[in-house]
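Quick notes on the structure that follows.
The values are calculated or read from the model by the stated rules, or taken from the named source; none is laboratory data. The structure displayed is predicted, hence computed values, not measured ones. Because the Cβ atoms are built from the backbone with ideal geometry, glycine has one as well, and the counts that use them run over all protein chains shown. Protein only, heavy atoms only, side chains kept; ligands, DNA and RNA dropped before computing areas. Shrake-Rupley method; radii C 1.70, N 1.55, O 1.52, S 1.80 Å.
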Amino acid sequence: KAKLDGKKTFRMYETGNEGWQDERSEQLYAIRRALSENEFRLYLQPKINMCSGEVVGYEALVRWQHPDNGLMFPQQFLPLINGTSLEIQLGEWVIRQALHHLQQWQSQSKQWQISINLSAYHLSSNGFLQRLAQIITEFPVVDLQYFQFEILESHALDDLSLIVDVVRHCRDEFTIRTVLDDFGTGYSSLSHIRTLPVSAVKIDQTFVRNMLVDVDDCKIVEGVIALARSFDLEVIAEGVESLHHGQILLSMGCELAQGYVIAKPMPAAELEQWNQQFVLPEAWLRYRNHRHH
Ligand code: C2E
Ligand code: MG
Ligand code: MG
């Protein structure tokens, strides 16, 4: 069994610690077991249009429902498997699970998107496109225009030209679009927006969160919105935690948002109920009349 420390985080090995290799292989074993025991869950967080109030779709965020430790968050187990075949296995589980939800929604005539987070490592791994094509055949009636990938802009996109090819193939052959996640935090952001065939950028939540207190972050957010627009890309803000954040974003012309003030990530079983009770906040309604485009 993998050992966990008090914070329910897998203990990170220290240099000079003789046992770390054993410990790591135990932790990897625990994750492999969790995959086969079906202990992972996809939580879904709504993305809404703050002008129309429409639910555009959901971002899928992985959780581990651990039998002893309760609900575990990605930071508590993803770092361990990043860059290993387990990451790819979990990633494929996420893809299947997301397509399953999409198929179900589409059978109920719901026009919601679903986006999943994919690492550059997974995306550029050997045979990614073939395996993806294979998974897609398991969902013959799904309209993939509603399926999106979010790729981390902050990751060292080592083999950029390979990633460009994969992202383009996904768009042109499968109609799967890609969003640049955490935009602005990585290096050479500005060239990525030009090189990668993405359809949207997601403004990183640290900029959004600090927008109210830091005039520089405010300028960055405004700049990213203008940049995205000039490249004909959609722009979505994440980490929208208050109505005021939403109002400022709306006044800057950013209509798409995701964040705790709208909803926290939730299990799929709760979507129906959340949708029924969700109403667009009054504070955002008055921006309806001065839309930017
Ligand atoms: P991300 O893709 O940038 O996802 C946004 C994170 O911010 C999520 O954390 C979400 O729960 C959180 N969040 C959303 N709204 C707010 C808000 O208003 N305030 C604050 N403070 N936080 C907010 P989570 O679920 O812990 O995921 C963390 C990161 O782990 C994700 O960042 C993503 O990079 C990664 N991740 C999650 N699921 C997967 C997955 O299935 N595969 C891969 N490769 N990475 C994943
Ligand atoms: Mg994301
Ligand atoms: Mg993000």
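Worth pointing out:
- Number of positions in the stretch 183-193 that are outside any helix (DSSP H, G or I) and either within 12 Å of ligand 3 (Cβ to nearest atom) or open to solvent by less than 20 Å² (accessible area, probe 1.4 Å) (or both): 4
- Selection of the stretch 167-180 for residues being within 16 Å of ligand 1 (Cβ to nearest atom) and open to solvent by 10 Å² or more (accessible area, probe 1.4 Å) yields only R177.
- Single unsatisfied condition, Y43 versus (1) of a type outside the set (D, E); (2) in contact with a Gly (Cβ under 7 Å, 6 or more places away or on another chain); (3) open to solvent by 20 Å² or more (accessible area, probe 1.4 Å): (2)
- Scanning the stretch 194-215 for residues that are within 16 Å of ligand 3 (Cβ to nearest atom), in contact (Cβ under 8 Å) with a residue 24 or more places away in the chain, part of a helix (DSSP H, G or I) and open to solvent by 10 Å² or more (accessible area, probe 1.4 Å) yields Q205, T206, R209.
- Residues of the stretch 233-275 that are assigned to a loop (DSSP other than H, G, I, E, B) and over 26 Å from K110 (Cα atoms): E241, S242, M252, G253.
- Selection from the stretch 67-80 of residues that are open to solvent by less than 50 Å² (accessible area, probe 1.4 Å), away from ligand 3 (no atom under 15 Å from the Cβ) and closer than 29 Å to W112 by Cβ: G70, M72, Q76, F77
- Test: residue in the stretch 116-123 that is free of Cβ contacts under 8 Å to residues at least 40 places away in the same chain and surrounded by 20 or more Cβ atoms within 10 Å (Cβ to Cβ): yes
- All conditions but one from (1) touching a residue at least 12 places away in the same chain (Cβ under 8 Å); (2) part of a helix (DSSP H, G or I); (3) open to solvent by 70 Å² or more (accessible area, probe 1.4 Å) apply to Q130; the one that does not is (1).
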